[in-house]
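Since the structure comes first, as structure tokens, the remarks are kept for the end.
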Amino acid sequence: MTDERTSGSQNGSAGSAFIPLHSYYILSPVRNPLIVALDVPDQDAALRLVERIGPAVAYYKIGLQLFTRCGPGVVKAVKETGAGIFLDLKFHDIPNTVRHSVDSACALGVDLLTIHLGGGGAMIRAAMQGAGGRTQVLGVTVLTSSNRETLREVGADVPVEDQVLRLARLGVEHGVTGVVASPLEVSLLRQLFGSGLTIVTPGVRPEWAEANDQQRTLTPQAAIRAGADYLVIGRPITAQADPREAATRILAEIEQSP
């Protein structure tokens, strides 16, 4: 299954197109945009959650909490269920370290991984060299928990959207084919980069879910309308009594949006 946004420009050495492994459709044959965040304390909890959600999603995010506790073994365990892996470790270090770290992550067979674009051009190029076209490298722009005051504290006294666009341009200039950004910047990114850039969006909350520690959020249907390709969603799905029902409810809301 291909998609006009991610086919074509991503088929070179910079990374492969991110296409779900499962064909799970609801109401009409559109690609499933959900990535569920496995922000749980251990591998057993992660696998139980994957089993409970079943075929409602095709990809799961493994982040710092789970990877630090369980190591590479949890990637293998989740992959063995047939799910795709978004390894969200946000590499940010000297170029040589990042190159080798990305190479090691690719050896695990992950489908997506993240780097911080704030590491600069040399680090971004090193990450792309480490990936060698084996996975899609996503550049993290500004975290969804950050705001103008956060940027000011670290010496970037500019509006959040300006910083997001600046970092996205830097990433694209050095070979990145996808970015991570809050839903509030998705429309601007899509206008600037067109259909060739994959946009993965955390900070997405249905109207019936709590915002928690996210500062810049939209509903799933609003994020998709703005131009997001994939939505990273955690607690609105994983904290529910029936996470599979929550995932399908979100998919239905997306499908029914104008």
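The values are calculated or read from the model by the stated rules, or taken from the named source; none is laboratory data. Nothing here was measured: the structure is a model prediction, and the numbers come from that model. FYI the Cβ positions are ideal-geometry reconstructions off the backbone, even for glycines, and counts take in every protein chain you see.
Here is how the numbers come out for the structure above:
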read-out: Within the range 198-213, tally of residues that are closer than 17 Å to A223 by Cα and part of a loop (DSSP other than H, G, I, E, B); value: 9
read-out: Test: residue in the range 224-232 that is of a type in the set (G, A, S) and within 25 Å of L64 (Cα to Cα); value: yes
read-out: From R169, R134, residue being basic (K, R) and farther than 23 Å from A37 by Cα; value: R169
read-out: Candidates G121, G155, G82 - the one that is over 19 Å from the mean Cα position of the chain (by Cα), exposed (fewer than 14 other Cβ atoms within 10 Å of the Cβ) and of a type outside the set (D, E, K, R); value: G155
read-out: Residue match in the range 143-165 (condition: touching a strand residue (DSSP E or B) at 6+ places or on another chain (Cβ under 6 Å) and at pLDDT 95 or above); value: no
read-out: Any hit, the range 233-251, residues being part of a strand (DSSP E or B) and either modelled with pLDDT of 95 or more or crowded, with 21+ Cβ neighbours inside 10 Å (or both); value: yes
read-out: Contacts under 6 angstrom Cβ, first residue in the range 46-72 being free of Cβ contacts under 8 Å to residues at least 60 places away in the same chain and more than 15 Å from G109 (Cβ to Cβ), partner in a helix (DSSP H, G or I) and polar (S, T, N, Q), 6 or more apart; value: C70/Q43
read-out: Test: residue in the range 64-77 that is within 22 Å of Q240 (Cα to Cα) and touching a Phe, Trp or Tyr at 6+ places or on another chain (Cβ under 9 Å); value: no
read-out: V50 being closer than 16 Å to R244 by Cα, touching a strand residue (DSSP E or B) at 6+ places or on another chain (Cβ under 6 Å) and either surrounded by 18 or more Cβ atoms within 10 Å (Cβ to Cβ) or not hydroxyl-bearing (S, T, Y) (or both); value: no
read-out: Filter result for N32 (modelled with pLDDT under 50, in a loop (DSSP other than H, G, I, E, B) and either buried (at least 20 other Cβ atoms within 10 Å of the Cβ) or not aromatic (F, W, Y) (or both)); value: no
read-out: Qualifying residue in the range 176-196 (condition: farther than 30 Å from G133 by Cβ and free of Cβ contacts under 8 Å to residues at least 12 places away in the same chain); value: no
read-out: Conditions (1) hydroxyl-bearing (S, T, Y); (2) more than 25 Å from I53 (Cβ to Cβ); (3) surrounded by fewer than 18 Cβ atoms within 10 Å (Cβ to Cβ); number of the one not met by T68; value: (2)
read-out: Near pairs, Cβ below 9 angstrom, 6+ apart or cross-chain, from the range 101-124 (at positive phi) to any residue that is charged (D, E, K, R) and not in a strand (DSSP E or B); value: G109/K76; G109/K79; G109/R134
read-out: Residue in the range 85-109 that is surrounded by the most Cβ atoms within 10 Å (Cβ to Cβ), counting only those that are farther than 16 Å from V176 by Cβ and among the β-branched types (V, I, T); value: I85
read-out: Filtered residues of the range 35-89 (kept if in a helix (DSSP H, G or I) and at pLDDT below 95); value: G54, P55, A56
